[in-house]
1. I'd like to know which of Cys224, Thr212, Thr196 lies farthest towards the positive end of the charge dipole of region 194-257, counting +1 on Cβ of Lys and Arg and -1 on Cβ of Asp and Glu.
2. Name the GluC sites (Glu not before Pro) in region 357-414 that are in a loop by DSSP and that have at most 10 other C-beta atoms within 10 Å, would you?
3. Please turn the phi angles of region 145-152 into ³J(HN,Hα) values with the Karplus equation 6.51 cos²θ - 1.76 cosθ + 1.60 (θ = phi - 60°), one per residue in order, whole Hz, x for glycine and proline.
4. For Leu377, which sequence-distant residues (separation of 5 or more, or a different chain) have an amide H within less than 5 Å of its own amide H, given hydrogens modelled in the peptide plane?
5. Classify region 322-413: rounded, prolate or oblate, from the alpha-carbon gyration tensor (a ≥ b ≥ c, eigenvalue square roots; a/c under 1.5 rounded; otherwise prolate if a/b is larger than b/c)?
6. Under 5 Å between amide hydrogens, which residues at least 5 positions from Arg2 or on another chain qualify, with H placed 1.01 Å from N in the peptide plane?
7. Please say if region 3-309 is rounded, prolate or oblate, where rounded means a/c under 1.5 for a ≥ b ≥ c the square roots of the C-alpha gyration tensor eigenvalues, and otherwise the choice is prolate for a/b larger than b/c and oblate otherwise?
8. Using +1 on the beta carbon of Lys and Arg, -1 on that of Asp and Glu, and nothing else charged, what's the dipole of region 327-397 about the Cα centre, debye to 20?
Amino acid sequence: MRQSQLFTKTQKQVSEEEVSVNAQLLMRAGFVDRLFAGVYTMLPLGLRVLAKIENIIRAEMNRVGGQEVLMPALHPKENWLATGRWDALDVLFKLNGSGDKEYALGASHEEVVTPLVKKFAFSYKDLPQAVYQIQTKFRNEARAKSGILRGREFRMKDMYSFHHNQADLDEYYSQMIEAYWRVYTRCGIREQTYLTFASGGTFSQYSHEYQTVTNAGEDLIYVCDQCQIAINQEIIADTNNACGQCKNTDLRQVKAIEVGNIFKLGTKYSAPFNFTYTDENNTSQPVIMGCYGIGPSRVMGTIVEVHHDDKGIIWPAEVAPFTIHLISLCQTSNDVTMANELYKKLTDAGIEVLYDDRPDARAGEKFADSDLLGIPLRVIVSAKTIAAHTVEVKPRSSAESSLTPLTEFLARYV
């Protein structure tokens, strides 16, 4: 993509209302735009990053047998009344439709997915099943002040599994723990993330969260450096201030962002919808459920909070909007032609390239924008490098650049 054709522009500063690092950098770099508190437009660069995160999640959910669906965001009141959450969930957006009908905007989808799967699963032979979606969710958050970490409208992958007994759920739950680790590894935040014991489990004593350590976090967790697990502050008293695995009491308190959660739901949602199956003895049995959530937009904001410096964002390679930021400092028509040819060779080879071909931008402006955008590899073409048959290569994560023979560079990427 030619940067001269990108309709968004970088900014030196944004509204002082945006106090979080992720919002400041993403807005300055032209990845997102704020409509109002907690609601953001994904601009072209931001949408590329979000799509890559969602595709990573999609691949890992498919790998463990998840089947993707897309459920409505508009829900009838009756479904939420069935589970008792119409009045109990304080962040639920409610609205009135024609004919005095009342609806909810989807904050989560247990009330929709459970009667949906019930239509197709009748026997033990139909279980287990796992379905998921990646969709926009709505929550009436009272304190939407952390950029895209806590929004009133946000992207969510919610997955639901259905089982014939607890042992089957437990086995699948273990698979999901590993699937989530693969997601965070590919997104570049595995090193800073801990599997965290939390309250909220319906069937078992605890649920699990994935918490990424950063000063921007709204949660306090207690890390056991021996086991590499953590405990949420909300349940630390229940564990006698000790690690649940090794009983270590020397726990480290840190701030963290919740980037995912998994629950063993038991029959909390299957029972209200009378979702049962027929076992081998032709006896009706309750369906056991689990649910598994990751917010792609929240992961995006977390990556920025973890991977940045005083110049801008430093995107991990697999989620970066482009692989290479090609910067032309060429002035003469012949040199510009050479830079254009290099851009074409790279794009023809399937390399994702943002090409800074802006004729009126100064070198310092281009370099500052490149640092702010955070694309993993900067490649500079100038009259000097063309004369020497080289390109200047600088990883975003490094302070050093190097001159690389053009033939060697092309051999690596084309």
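Any read-out appearing in this document is the output of simple, stated calculations on the displayed coordinates, not a laboratory observation. Being a predicted model, the structure only gives us computed values, none of them experimental. Because the Cβ atoms are built from the backbone with ideal geometry, glycine has one as well, and the counts that use them run over all protein chains shown.
1. Cys224
2. Passing both the DSSP loop test and the Cβ count: Glu400.
3. The phi angles translate into 9, 10, x, 8, 6, 9, x, 8 Hz.
4. Counting only residues 5 or more places away or on other chains, the set is His325, Arg396.
5. rounded
6. Tyr355
7. Judged from the Cα gyration tensor, region 3-309 comes out oblate (a/c at least 1.5, b/c at or above a/b).
8. 180
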